[in-house]
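Right, one structure below, let's go through it.
Derivation of every value follows stated rules applied to the coordinates shown; laboratory data play no part. Quantities reported herein were computed from a predicted structural model and do not represent experimental measurements. Cβ placement follows ideal geometry from the backbone for every residue including glycine, while neighbour counts extend to all protein chains displayed.
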């Protein structure tokens with residue numbers, strides 16, 4: 001009964017282990033098919049022209065047109081100054097932010113590369129872990145068979161030693177029995193000799209008495 005209970009407990013433990021291993025295998029991560037790609041790098045194509053075209057230079061005028069152009073410039077000068085200030089601020093902003101945009105792009109690309117490598121390494125680790133756990137049951141079974149073989153060998157050796165001890169014990173008991181029989185025989189012979197001596201002593205005493213009475217008469 002105890003052996004059946006032990007086998008039932010072991011079967012239940014094996015089923016629980018296999019179920020847990022199946023769930024772990026199903027939880028192995030997968031690299032997303034639509035893994036994000038780094039954004040496009042900033043386009044510096046127009047930066048150089050903007051640095052040369054932001055300033056508004058009026059063409060030189062000569063003669064009457066010069067006087068007319070000067071009068072017009074005096075009227076629109078505030079607008080030109082405002083536009084040039086805007087152009088200057090815009091170009092300065094672009095020049096200041098172009099390196100930061102490039103650095104942001106490079107950082108995002110590096111982070112995504114590291115993240116992708118980390119996920120791939122994690123997936124490989126999870127796969128290796130599941131394969132390792134799958135080897136535990138065969139390893140334990142092999143060890144169990146090895147231990148069972150050792151126990152069978154030990155049991156055989158114990159049986160052989162016990163058999164040899166039993167033979168020696170039986171031989172010693174037989175010798176003791178023979179010794180007891182020999183002692184009993186010697187004891188019996190000694191008793192017979194003592195009885196015989198007692199009978200002789202009694203005969204001698206009787207004969208001595210007869211001789212004594214005859215001498216007295």
* Structure fact -> For the residue 136, residue 98 Cβ pair and Förster radius 41 Å, calculated FRET efficiency rounded to 0.05 is 0.10
* Asked: Which shape class applies to the stretch 92-162: rounded if a/c is under 1.5, otherwise prolate when a/b exceeds b/c and oblate if not, where a ≥ b ≥ c are the square roots of the Cα gyration tensor eigenvalues?
  -> prolate
* Structure fact -> So for R0 = 30 Å, FRET eff. of residue 53-residue 106 from the Cβ-Cβ r, to 0.05, ends up at 0.60
* First measure r as the distance between the Cβ atoms of residue 17 and residue 154, then evaluate 1/(1 + (r/R0)^6) with R0 = 25 Å and state the FRET efficiency to the nearest 0.05. => 0.30
